[in-house]
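The values are calculated or read from the model by the stated rules, or taken from the named source; none is laboratory data. From a predicted model like this one, the values you see are computed outputs, not experimental measurements. Here the Cβ is made from the backbone with ideal geometry for all residues, glycine too, and neighbour counts use every protein chain on show. Ligands, DNA and RNA are excluded from the accessible area calculation, which covers all protein heavy atoms including side chains. Shrake-Rupley method; radii C 1.70, N 1.55, O 1.52, S 1.80 Å.
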Amino acid sequence: MASIYDYERPFVCTDVVVFRIATQEADSYRKLPETKLSVLLYNRPCEPFIGKWCIPGGFLNIDEIPEDNVKRKLSEKSGDIECYLEQLYTFSDIARDSRGRVISITYLGLITESEVQVDGEWFIVNVGNDNQITFQKGDIELTQADLGFDHYNIIQTALERLRGKLGYTDIVFHLLPEEFTLTQLQNVYETVMGKKEVAANFRRKIAPMVVETDRYTSDKGHRPAKIYIKKVEGN
């Protein structure tokens with residue numbers, strides 16, 4: 001009988017695509033703030049792909065399950081942030097890492113905008129008409145060639161997953177603060193989807209997922225807006 005030690009053993013790592021919404025204040029108090037989807041990247045300090053931009057991740061320890069590993073890696077880079085995580089896909093191309101056979105178990109992560117203390121940089125995600133993604137931070141614009149490993153493909157897969165789940169789950173609320181207005185909610189939804197929604201249609205669609213409070217916003221220069229919270233079982 002063959003032993004498991006008779007077989008070559010691949011390395012296993014985890015990688016996580018962390019998205020959040022970035023709000024850019026309007027240049028006029030009459031305009032609403034602009035929202036953008038952003039992703040967490042860091043500049044790789046060593047080979048392979050030294051100087052390229054990558055998503056957080058690392059090799060799996062022998063006594064770790066993948067989810068514990070990805071949480072540990074996020075904690076090392078970002079402290080104790082509250083991050084929604086779900087397993088995304090397993091990337092296993094034979095040549096994805098020049099150091100050897102490395103399989104990556106990837107995750108989709110979502111945090112609210114208030115969670116900003118991270119060891120890395122937030123880049124705005126721009127999707128072109130050809131569905132190619134670029135990443136923008138100030139004067140820096142990254143393309144697929146600027147990312148290490150297969151991390152561009154992982155980000156692309158994560159964005160497709162996020163967009164797909166917006167239509168049939170409440171995943172959008174992981175990008176929002178606990179209290180929000182319907183306009184905020186619609187802005188986040190449209191930002192992720194990359195397209196506009198008719199307000200009346202959107203509000204009918206989202207109505208079963210939210211609960212109206214008796215509070216209003218008090219933003220200077222804007223009409224007070226009703227505050228809502230996510231609907232949970234029992235409220």
So which of Asn153, Asn201 ends up being modelled with pLDDT under 95 and polar (S, T, N, Q)?
-> Asn201
Test result for Gln186, of a type outside the set (D, E, K, R) and surrounded by 15 or more Cβ atoms within 10 Å (Cβ to Cβ) | yes
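Here is a yes/no grid of residues against (1) surrounded by 15 or more Cβ atoms within 10 Å (Cβ to Cβ); (2) of a type in the set (D, E, K, R):
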position	(1), (2)
Ser38	yes, no
Lys71	yes, yes
Ile81	yes, no
Leu88	yes, no
Asp93	no, yes
Residues satisfying the stated conditions in segment 116-132, i.e. buried (at least 18 other Cβ atoms within 10 Å of the Cβ) and either modelled with pLDDT of 95 or more or assigned to a strand (DSSP E or B) (or both) = Trp122, Phe123, Val125
Out of all the residues in segment 163-170, is one or more among the acidic types (Asp, Glu), over 18 Å from Lys52 (Cα atoms) and not in a helix (DSSP H, G or I)?
-> yes
Just for segment 152-174: of the residues that are hydroxyl-bearing (Ser, Thr, Tyr) and touching a strand residue (DSSP E or B) at 6+ places or on another chain (Cβ under 9 Å), which one is least open to solvent (accessible area, probe 1.4 Å)?
-> Tyr152
When residues of segment 62-105 are filtered for being within 17 Å of the chain's Cα centre (by Cα) and of a type in the set (Phe, Trp, Tyr), how many remain?
-> 2
Of (1) hydroxyl-bearing (Ser, Thr, Tyr); (2) modelled with pLDDT under 95; (3) not in a loop (DSSP other than H, G, I, E, B), Thr191 satisfies every one except (2)
Across segment 42-68, what is the number of residues that are open to solvent by less than 40 Å² (accessible area, probe 1.4 Å) and over 22 Å from Gln156 (Cα atoms)?
-> 1
Single unsatisfied condition, Pro177 versus (1) open to solvent by 50 Å² or more (accessible area, probe 1.4 Å); (2) under 30 Å from Thr106 (Cβ atoms); (3) in contact (Cβ under 8 Å) with a residue 24 or more places away in the chain; (4) in a helix (DSSP H, G or I) = (4)
Out of the residues in segment 95-115 that are hydroxyl-bearing (Ser, Thr, Tyr) and over 16 Å from Ile154 (Cβ atoms), state the one that is least open to solvent (accessible area, probe 1.4 Å).
-> Thr112
Which residue pairs have Cβ atoms closer than 9 Å, lie 6 or more positions apart in sequence or on different chains, and pair a first residue in segment 43-54 that is of a type in the set (Gly, Ala, Ser) with a second residue that is open to solvent by 60 Å² or more (accessible area, probe 1.4 Å) and assigned to a loop (DSSP other than H, G, I, E, B)?
-> Gly51/Pro45
May I ask you to list the residues in segment 115-145 that are within 21 Å of Glu34 (Cα to Cα) and touching a Lys or Arg at 6+ places or on another chain (Cβ under 9 Å)?
-> Glu115, Val116, Glu121, Trp122, Phe123, Ile124, Val125, Asn126, Gln136
Quick one: in segment 189-235, which of the residues that are of a type in the set (Lys, Arg) and closer than 21 Å to Glu113 by Cβ is surrounded by the most Cβ atoms within 10 Å (Cβ to Cβ)?
-> Lys230
